[in-house]
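Take a look at the structure below.
Read the figures in this text as sums done on the coordinates, not as results from a lab. Worth saying up front: this structure is predicted, and the values here are computed from it rather than measured. For neighbour counting, all protein chains shown are included, and Cβ atoms are generated from backbone atoms with ideal geometry for every residue, glycine included.
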Amino acid sequence: MISSKLPNVGTTIFTTMSQLAAQTGALNLSQGFPDFNGPQALLDAVGRHVSAGHNQYSPMTGLSSLREQVASKILRSYGVSVDADNEITITPGATEAIFCAIHAVIRAGDEVIVFDPSYDSYEPSVELAGGRCVHVQLTDGEFAIDWQKLTDALSPRTRMIIINSPHNPSGALITRDDLDKLALLIADRDIYLISDEVYEHLVFDGVKHASVLAHETLYQRAFVVSSFGKTYHVTGWKTGYVVAPPALSAELRKVHQYVNFCGVTPLQWALADFMAAHPEHVEELPAFYQTKRDLFCELLASSRFQFKPTPGTYFQLVDYSQIRPDLNDVDMSLWLTREHGVATIPVSVFYQQPIPEQRLVRLCFAKREETLRQAAEKLCAI
């Protein structure tokens, strides 16, 4: 008999809801991916590089041209210079980057603090490394760090803290003041940091993303993870990167080379070309997605769902307590999919201990205008 190393892990809610949407013909606003294509110039570049023969292994750390473009983007976005050779590693997806960062430093008995609601890949990666997650709930409603709870959660075994901003599922943002408080709190402790910033360019209303890359003190102990898939509308490419100081990058690469060794070569060539030719894409991204957010919120204004426009990501939380308070959010998501043709994600799955009275589901608005209008019409009819 197999003794599972992850006995509490089954099929993810994202797979479950996407499959149910396909089975029922529902509009899929559950899993976080666009229903539109990436930029045509980027897609054309892939075919060009496949035909040119760029189909063999890339360097383990990623193509130098792509790492250089990432360094240029970081300098433009945050005014920070990083070493493309020694601090940037291209990975086959941000999830692999997070896995490798955890396994680079976490040992048996170590504790890793995660903030609930938290993305579902963190805890299995920690457990496989022999560590244990300590869950600290964000404040109900605002999804902000409760500094007293975080302080109370620290122990001599705390080896890592994972933060995520813009935050999935809530869209909440960590501020520069938050980063300063965190730096002060762990200043004298041997604690590493993963900063999951895959939605770094999806921040709205003129607010500037507070990146750990731009926080000199925290960066010295951090792995900062981002995603080409989120930024360039190509989530299926599963291509991301991690930025860390040279010593941490060296340890991460020791793990990465035996997990996947390298990312997909022609995709890296295409991304390098596109980033060099179209640096404006990143600058235009906040307005692009804010337009979708504003349209979706405007369309939902006459519904019985309650919500505040999300400050970041391409997710919008809605409170359904005025509609079906008798249903928990998992049952509500199933009901919305089967009975009303819109697939959503229940927020409780992001918690170790869900808040019983919470009545929230997550909607993805990374969709064509036609899709958003159809979904809103269905939701407003409830």
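Brief remarks follow.
- Across the options Leu299, Phe350, Ala45, the greatest Cα extent toward the positive end of the charge dipole of the chain (unit charges at beta carbon of Lys, Arg, Asp, Glu) belongs to Ala45.
- GluC sites (Glu not before Pro) restricted to DSSP loop in the stretch 89-168 with at most 16 other C-beta within 10 Å: Glu142
- When shorter helices are ignored and each DSSP H run of at least 4 residues is given -39500 (n - 2.57), the per-residue value for the chain at 222 nm works out to -12500 deg cm²/dmol.
- Seen from Ala144, the other residues with C-beta closer than 13 Å to its C-beta sum to a net charge of -4, counting Lys and Arg as +1 and Asp and Glu as -1.
- Its relative contact order, with pairs defined as Cα atoms under 8 Å and 6+ residues apart, puts the chain at 25 percent.
- Look at the dipole of the stretch 42-277 built from charges on Cβ: of Phe274, Tyr192, Val105, the Cα furthest out on the positive end belongs to Phe274.
- Within a Gaussian network of the chain (alpha carbon springs, distance under 10 Å), most fluctuating of Val330, Val212, Val243: Val330
- Among Gly62, Gly341, Gly312: highest mean-square fluctuation, GNM of the chain, C-alpha pairs under 10 Å: Gly341
- Charge context of Val134, other residues only, Cβ under 13 angstrom, K/R +1, D/E -1: -2
- Partners of Lys5 within straight-line reach, counting lysines whose Cα lies under 26 Å from its Cα and excluding those fewer than 8 residues away in the same chain: Lys238, Lys254.
- Summarising the amide proton neighbourhood of Cys133: residues at separation of 5 or more, or on other chains, whose placed amide H is nearer than 5 Å comprise Val112.
- For the chain, leaving out every one of the chymotrypsin sites (Phe, Trp or Tyr not before Pro) that falls in a DSSP loop and has at most 14 other Cβ atoms within 10 Å, the longest unbroken run is 58-260.
- Backbone phi angles across the stretch 358-364, fed through the Karplus curve with coefficients 6.51, -1.76 and 1.60 (θ = phi - 60°), yield HN-Hα couplings of 6, 10, 10, 10, 9, 10, 9 Hz in residue order; Gly and Pro are listed as x.
- Charge sum, other residues only, whose C-beta stays under 10 Å from Ala94's C-beta, Lys/Arg counted +1 and Asp/Glu -1: -1
- The stretch 30-119 - convex hull of the alpha-carbon atoms, volume per residue in Å³: 186 Å³
- A DSSP coil position with no more than 10 other Cβ atoms inside 10 Å describes the following GluC sites (Glu not before Pro) in the stretch 279-382: Glu357.
- Fraction of beta bridges assigned by DSSP in the chain that are antiparallel (%, nearest 5): 45 percent
- Rg/Rg_ref, the stretch 62-221, where Rg_ref = 2.2 N^0.38 Å and atoms are Cα: 1.03
- Loop-located trypsin sites (Lys or Arg not before Pro) across the stretch 156-188 with a Cβ neighbour count of 13 or fewer within 10 Å are Arg157, with loop assigned by DSSP.
- Dipole orientation for the stretch 93-225: of the candidates Ala214, Pro156, Pro117, Pro156 has the Cα lying most toward the positive pole (charges on Cβ; Lys, Arg +1; Asp, Glu -1).
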